[in-house]
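S.K.: Got a structure here, written out as structure tokens. Questions coming.
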Amino acid sequence: MKDSSKPLATPVYIQNEEQASYVAGGLFGIIAAGSFYPFCLCVVATVFSVLFFGSFSPAPSEALMLMGMVSIVGAAFGVIISAFTGMFSIALIIVMNWSLGYPLDAKSAAVSAGSLAGYIPTVWVLFSLDLGVDVEQLIAIGILGPVLAMSLGAFGAARTSGKFANGDYLVTTERPRFQLSILSMMIATAWIAVAFAISNAVGGLRFAVATAGWFFLQAAMLCFIRGYRKLKGPR
């Protein structure tokens with residue numbers, strides 16, 4: 001007699017459909033994050049100014065008016081930019097994850113797409129700075145730019161992509177068994193080769209550094225999320 005208490009394995013084709021629909025659903029959250037980013041940028045910049053410089057200018061009333069204007073105007077641009085970067089990032093993550101045999105579950109893939117959508121339009125700020133910028137200023141700009149945008153994009157994608165999961169926690173957090181094979185290694189090598197070819201054609205060393213920077217930050221983010229999941233446990 002079969003043990004009915006043991007959950008049945010999810011068919012691979014259902015996993016594939018769930019992956020694609022779950023990640024694609026993150027677009028709404030990415031767009032919302034893009035519209036909210038200018039306001040968060042103003043708030044975090046004000047906090048940084050107070051913490052590191054002891055005060056901020058202009059006057060509080062003028063600062064509030066400026067924050068309101070930047071938030072409203074920036075939200076319009078944020079919606080447009082995040083819509084394009086979101087669609088590109090979602091398509092790229094879906095294709096990469098599928099080609100490598102789904103090393104990421106649906107939730108992690110959605111988070112990765114959201115963070116990439118926020119990283120692409122903000123990382124250029126770091127490479128437009130003069131070489132004489134202090135390390136403290138570089139870190140502050142990095143937090144205000146790519147790190148903040150990545151976090152908002154990942155959070156937004158994770159929140160809205162869940163609407164397409166139909167409440168099936170196991171399907172969206174468990175992936176088909178990933179096995180490292182020669183084929184997956186060849187495909188991964190091909191992706192790396194494509195990234196370096198684009199870097200040579202577009203931005204040279206800076207593009208390669210920016211790409212490596214996203215992989216590093218994204219790996220750290222996924223490790224944090226995985227640790228949080230283990231502490232929280234299943235829903």
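S.K.: For the range 137-149, state whether one or more residues are more than 24 Å from Val79 (Cβ to Cβ), β-branched (Val, Ile, Thr) and either at pLDDT 75 or above or open to solvent by 80 Å² or more (accessible area, probe 1.4 Å) (or both).
M.R.: Taking every residue of the range 137-149 in turn, at least one turns out to be more than 24 Å from Val79 (Cβ to Cβ), β-branched (Val, Ile, Thr) and either at pLDDT 75 or above or open to solvent by 80 Å² or more (accessible area, probe 1.4 Å) (or both).
S.K.: Hey, another quick one. Would you mind stating whether Gly114 is free of Cβ contacts under 8 Å to residues at least 24 places away in the same chain and either part of a helix (DSSP H, G or I) or among the acidic types (Asp, Glu) (or both)?
M.R.: No, not satisfied.
S.K.: List every residue pair whose Cβ atoms lie under 6 Å apart, where the two residues are 6 or more positions apart in sequence or sit on different chains, the first residue falls within the range 204-229 and is in contact (Cβ under 8 Å) with a residue 40 or more places away in the chain, and the second residue, located anywhere, is in a helix (DSSP H, G or I).
M.R.: These pairs meet every condition: Arg206/Phe127; Trp214/Tyr119; Gln218/Ser112; Gln218/Ser115; Leu222/Ser108.
The values are calculated or read from the model by the stated rules, or taken from the named source; none is laboratory data. If you're wondering where the values come from, they're calculated on a predicted model, not measured in any experiment. Here the Cβ is made from the backbone with ideal geometry for all residues, glycine too, and neighbour counts use every protein chain on show. When the accessible area is computed, the model is the full protein with side chains, heavy atoms only, and any ligands, DNA or RNA have been set aside. Shrake-Rupley method; radii C 1.70, N 1.55, O 1.52, S 1.80 Å.
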